[in-house]
Structures are given as C-alpha cells and as structure tokens.
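Presented below is the structure to which this report refers.
The values are calculated or read from the model by the stated rules, or taken from the named source; none is laboratory data. Worth saying up front: this structure is predicted, and the values here are computed from it rather than measured. Backbone-built Cβ (ideal geometry, glycine too); neighbour counts: all protein chains shown.
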Amino acid sequence: MTDLDKAYATQLANIEKRSGKRLEELVRLLDASGAQKFGERRDYLKRELGMGHGDANAVVAYAAQKAAGTPPAGSASPAAAVDEIYSGKKAHLRPLHDALIAKIDGFGDYEIAPKKGYVSLRRKKQFAMIGPATQSRVDVGLNMKGVTPTARLVAEAPGKMCNYKVALSNPKEVDAELLGWIRQAYDSAG
C-alpha cells in the first residue's frame, strides 16, 4: 500500500469517526438522496451532514469506485490526490488552491479530476485546471474563447490543454477579475 493509499484509508476512517456513520451507511444515504452527478452528491453531504469539501469528495469518490467495482482502498480520493500535489516544497501553495476552489464551489456543480501535478475541473468538458507550476506559483489554465489576452491573462499556444493561463503567487490574487474569467470558462463548459 502506497503512502497515498494509506492517507486515503486514514481519511475514510476519520470520516466514519466524525460522521458517526459507516461508509456503507453514507453510500446508502447518497443513493437514497436521488443526486446523480458527482458535484450534486458532494453538495448533498456538505449540506445534509455538514461535511467538509474534502470529506464529501472522498465519500462520493468511494461510492463511485464501489459502484464501478473498483476497490475503493486501492486508489486515491480527489482530496488525497490534492494533498499529494501540494506536498513537500509546494505545501505552502495549498492556500491558493483552497481559495480558488472555495470560490468556484459557489458557481454550481462540477467535477474535480486529479491528474499528475494538477487538478482538472470539469462540467460537460474541462473548463479549468489548477496546479503548482513551480515552487512559488500556481497556474490556472482556462478554456474559453473570444477573450482578449492581457498582461495577466496570457494566451496559450494553439494545441495546449487550455486557451489561457493566469499565474498566481498570493491568495489575494483570487479576485473579481480572475473569478470573472473562471466563471466565463465554467459557463461555456456546460
């Protein structure tokens, strides 16, 4: 079992302790809720059980893995994957990621798909990607069309995964301008 698997198993055990419910009970509650999409199921747990974002993500991922017949303990939850991305010398960048996600959560439903070194944010298609580009910077990649680049909103070369990129080094940079661009990308993805 890898360190990531151990962290995920510990997170799931802690969720059971905090919620006072076994994982199987939480899965049954999710199934009975009628929520189908990942984000809807996550939001249900946050709203109805008062779970934090990471715990709710982990439970929904566990339920999806169980439904698919994938051994849940054998792969990392989105929250555990984010913990891995922002570990070591990049750990101090986690507040930037968390500030972005907290604001994006207000837009509505979306899926977090962890990749190696970043997370993809998806609706019907990817609208953004967030990840540490260096030890001092988090990049936000955005998929949107028809936006004039600025000194801050840098156009990417054709063929890249995202059309634009914004570099962040401080949580204060998660401002109205950036959120407007992310919202535009979110709306067009969905």
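Hey, can you tell me all the residues within region 1-58 that are in a loop (DSSP other than H, G, I, E, B), more than 17 Å from the chain's Cα centre (by Cα) and modelled with pLDDT of 85 or more? Show your work before the answer.
To start, the set of residues in region 1-58 that are in a loop (DSSP other than H, G, I, E, B) comprises 1-2, 20-22, 34-37, 50-52.
So of that shortlist, the ones also more than 17 Å from the chain's Cα centre (by Cα) come out as 1-2, 20-22, 34-36, 50.
Result: 20, 21, 22, 34, 35, 36, 50.
Just checking, which of 46, 37 is in contact with a His (Cβ under 8 Å, 6 or more places away or on another chain), surrounded by 12 or more Cβ atoms within 10 Å (Cβ to Cβ) and closer than 29 Å to residue 125 by Cβ?
Values: 37 fails: in contact with a His (Cβ under 8 Å, 6 or more places away or on another chain).
Among 46, 37, only 46 is in contact with a His (Cβ under 8 Å, 6 or more places away or on another chain), surrounded by 12 or more Cβ atoms within 10 Å (Cβ to Cβ) and closer than 29 Å to residue 125 by Cβ.
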* What number of residues within region 87-100 satisfy the criterion of being on the phi < 0 side of the Ramachandran plot and surrounded by fewer than 19 Cβ atoms within 10 Å (Cβ to Cβ)? -> 8
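From the list 165, 172, 90, 145, which one is of a type in the set (Lys, Arg) and at pLDDT 95 or above?
On the way: 172 fails: at pLDDT 95 or above; 90 fails: at pLDDT 95 or above; 145 fails: at pLDDT 95 or above.
Being of a type in the set (Lys, Arg) and at pLDDT 95 or above holds for just one of 165, 172, 90, 145, which is 165.
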* Asked: So residue 186 clears everything in (1) crowded, with 19+ Cβ neighbours inside 10 Å; (2) of a type outside the set (Asp, Glu); (3) under 13 Å from the mean Cα position of the chain (by Cα) except one condition, right? Which one?
  -> (3)
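Would you say residue 110 is surrounded by 14 or more Cβ atoms within 10 Å (Cβ to Cβ), of a type in the set (Phe, Trp, Tyr) and closer than 25 Å to residue 79 by Cα? Walk me through it before giving the result.
On the way: surrounded by 14 or more Cβ atoms within 10 Å (Cβ to Cβ): yes; of a type in the set (Phe, Trp, Tyr): yes; closer than 25 Å to residue 79 by Cα: yes.
Here the answer is yes, as residue 110 does meet what is asked.
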* To do: Might you check whether a residue that is among the polar types (S, T, N, Q) and either surrounded by 15 or more Cβ atoms within 10 Å (Cβ to Cβ) or closer than 26 Å to residue 56 by Cα (or both) occurs anywhere in region 159-173?
  => yes
* Scan of region 125-168 for residues that are outside any strand (DSSP E or B), farther than 26 Å from residue 89 by Cα, of a type outside the set (A, V, I, L, M) and touching a residue at least 40 places away in the same chain (Cβ under 8 Å), ordered by number -> 125, 143, 145
